[in-house]
Amino acid sequence: MHGDAFLEALTIVLCTAGITTVLFQRLRQPVVLGYILAGVIVGPHVPIPLIADPEIVQTLSEVGVILLLFSLGLEFRLRKLFQMGPGPSITALIECSVMVWLGFLVGRGFGWTTRECFFAGSIIAISSTTVIAKAFDEQGILGKLRERVIGVLIVEDLIAVLLMTALTALSAGDGLGVGTLVRSSARLLIFLVAFGAIGLLVVPPTIRAIQRLQRAETTLVASIGVCFAGALLALKFGYSVALGAFIAGSLVAESGAEKAIEPLIHPVRDMFAAIFFVSVGMLIDPHLIAEHWQAVAVLTFVVIAGKVIAVAVGAFLTGSGTRTSVQTGMSLAQIGEFSFIIASLGVALGATRSFLYPVAVAVSALTTLTTPWLIRASGPTASFVDRKLPRALQTFGALYGTWIEGLRSATRQKTETSAIRRLVRLLAVDLLVLAALIIGAALSAGTVVEFLQGGLGFGPRLSQGLVVAGAAVLGIPLVAGLFRITRRLGACPSNGEWAGVSRRSRPGIGDLLAVVAVARCHETSCDAAHALV
């Protein structure tokens with residue numbers, strides 16, 4: 001019977017979504033809107049005799065989120081994320097801080113409790129990676145804009161984890177203490193470092209070995225297996241499956257086989273992503289929206305206007321030009337899956353009343369509807385804003401961006417001159433990790449041998465051999481790294497041959513003041529100020 005219900009739900013969802021998708025493509029509208037309309041049609045809240053099981057659809061939609069984040073990870077190697085610098089992190093911090101504050105003010109205006117105000121601010125703080133990724137794919141948006149937006153979204157997901165931890169402590173009466181946030185941040189950092197370090201040792205070599213078999217089916221199955229393993233591992237440690245899937249995709253990308261894997265993943269991803277958007281549409285309850293229409297309307301306006309402005313300001317301050325900043329802000333003006341999680345957390349902990357969850361769903365649905373149009377209009381809007389800005393602000397924006405780029409260039413040159421010191425530090429780290437592995441294996445060998453004998457029924461010699469072999473396997477990459485770093489140190493030129501960066505070539509605060517001077521006297525002959533830049 002359960003199998004029949006599953007088949008019935010899947011048939012209703014896919015057939016309805018297929019019809020609405022064709023309709024919206026004929027109308028030249030984003031297909032995401034067609035999926036949401038299909039969810040409204042098959043949902044339990046409208047008087048249409050065509051209802052799919054919400055629990056089954058919700059389970060399938062989680063698969064769509066996992067696969068979508070995995071494919072995003074394939075596009076963004078860990079190295080590329082580090083090379084993006086602090087810009088996305090600063091932008092996300094500015095945006096989330098502003099949105100939490102605005103949500104708190106809105107809650108106060110409606111007379112909600114303090115805890116409900118904090119939850120409301122957290123609900124509208126985190127944008128939807130799933131919605132943006134699908135909209136970007138539909139409209140073919142690539143390049144720096146996509147990289148910056150995805151970078152901000154990744155940092156937002158990490159902030160969401162910390163927000164949920166803080167809200168849980170607040171709901172339990174522990175307060176928003178610094179110690180709670182520090183402990184949560186430390187646990188998250190340890191998880192990310194351990195996941196990334198161990199994954200880099202295991203996943204890329206495995207994927208490369210599978211890729212050499214030249215079997216598309218085997219590559220697809222293995223890649224999806226890594227995807228769900230990463231999602232499950234993150235879930236077991238109390239983090240979102242989306243975060244685990246994204247890291248898994250980044251690890252697979254480190255193998256260098258991402259170009260061959262992406263076309264294999266896309267059809268499967270698109271099908272389950274469609275089910276995710278249908279599940280969002282199924283949550284839309286017109287009666288609840290009508291009952292709380294004032295809160296829904298105000299929060300929807302705050303999400304769109306607040307995120308556009310906060311993200312644009314944050315992106316501009318971190319060196320993006322005016323056009324890119326405006327486009328980034330308009331791309332992030334929505335909330336999504338994390339908002340549902342935070343809202344349901346508040347209800348489950350008894351920190352909020354039940355009305356907040358449907359309000360969050362309604363705001364998410366409305367902002368999801370507006371997202372494709374906002375992204376489509378971001379280019380013309382950015383051009384209009386850039387043209388209509390006062391000439392002084394245009395000048396300041398251009399020179400400020402040049403100043404920031406100069407800082408980045410100086411940092412890159414400085415990094416080149418310290419290459420030898422960096423290699424020495426890496427050598428020291430490898431030695432320390434290898435020593436820790438040897439000591440840890442020696443101290444825990446007895447416990448592991450007892451477990452293998454008692455829990456798995458292995459013999460004494462086999463258990464001891466497995467312990468030694470396991471330690472050797474873990475140590476091989478470290479030993480190989482030692483040899484590789486040693487060779488690179490031997491090939492490095494002497495310190496005197498490294499090109500240094502003069503003090504004058506490094507942009508300083510004086511250069512920024514010169515930028516301001518040029519902007520203020522743009523209409524006059526300020527040759528001295530221009531000469532400083």
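The values are calculated or read from the model by the stated rules, or taken from the named source; none is laboratory data. All of these numbers come straight from a predicted model, not from anything done at the bench. Here the Cβ is made from the backbone with ideal geometry for all residues, glycine too, and neighbour counts use every protein chain on show. What goes into the accessible areas is simple: the full protein's heavy atoms, side chains included, and nothing from ligands, DNA or RNA. Shrake-Rupley method; radii C 1.70, N 1.55, O 1.52, S 1.80 Å.
Brief remarks follow.
- Spacing of the modelled spin labels on residue 11 and residue 162, each 7 Å from Cα toward Cβ, amounts to 5.0 nm.
- Separation of alpha-carbon centers, region 194-268 and region 15-31, rounded to whole Å: 32 Å
- Our coupling estimate for region 229-246, obtained by passing each phi through the Karplus curve with A = 6.51, B = -1.76, C = 1.60 and θ = phi - 60°, is 5, x, 5, 5, 4, 5, 5, 5, 8, x, 10, 6, 5, 4, 4, x, 5, 5 Hz, Gly and Pro reported as x.
- Heavy-atom accessible area ranking, 1.4 Å probe, most first, across 307, 388, 236: 236, 388, 307
- With the highest mean first, a sort of the peptides 347-354, 67-74 on other beta-carbon atoms found within 10 angstrom per residue produces 67-74, 347-354.
- Where labels lie 7 Å past Cα in the beta-carbon direction, separation of residue 182 and residue 139 in nm: 4.3 nm
- Solvent-accessible surface (1.4 angstrom probe) belonging to residue 330, in square angstrom, nearest 10: 20 Å²
- At R0 = 25 Å, FRET efficiency that the Cβ-Cβ distance of residue 193 and residue 435 yields, to 0.05: 0.85
- Counting heavy atoms of the protein chains alone, residue 486 has an accessible area of about 80 Å² for a 1.4 Å probe.
- Residues 357, 35, ordered by accessible area of protein heavy atoms at a 1.4 angstrom probe radius and largest first, appear as 357, 35.
- Ordering of 244-257, 50-63 by burial proxy (mean other Cβ atoms within 10 Å per residue, highest first): 244-257, 50-63
- Distance violations [Cα-Cα > 25 Å] among 134/307; 134/388; 144/259: 134/388
- Remark: spin-label model distance residue 4-residue 28 equals 4.7 nm, labels positioned 7 Å along the Cα→Cβ axis.
- The listed residues 383, 97, 128, once ranked by accessible area (1.4 Å probe) with the largest placed first, stand as 97, 383, 128.
- Residue 293 accessible area, 1.4 Å probe, all protein chains in place, Å² to nearest 10: 150 Å²
- Paramagnetic label zone (point 7 Å from Cα along Cα-to-C-beta, residue 110; backbone N under 18 Å) in region 317-349: 334-349
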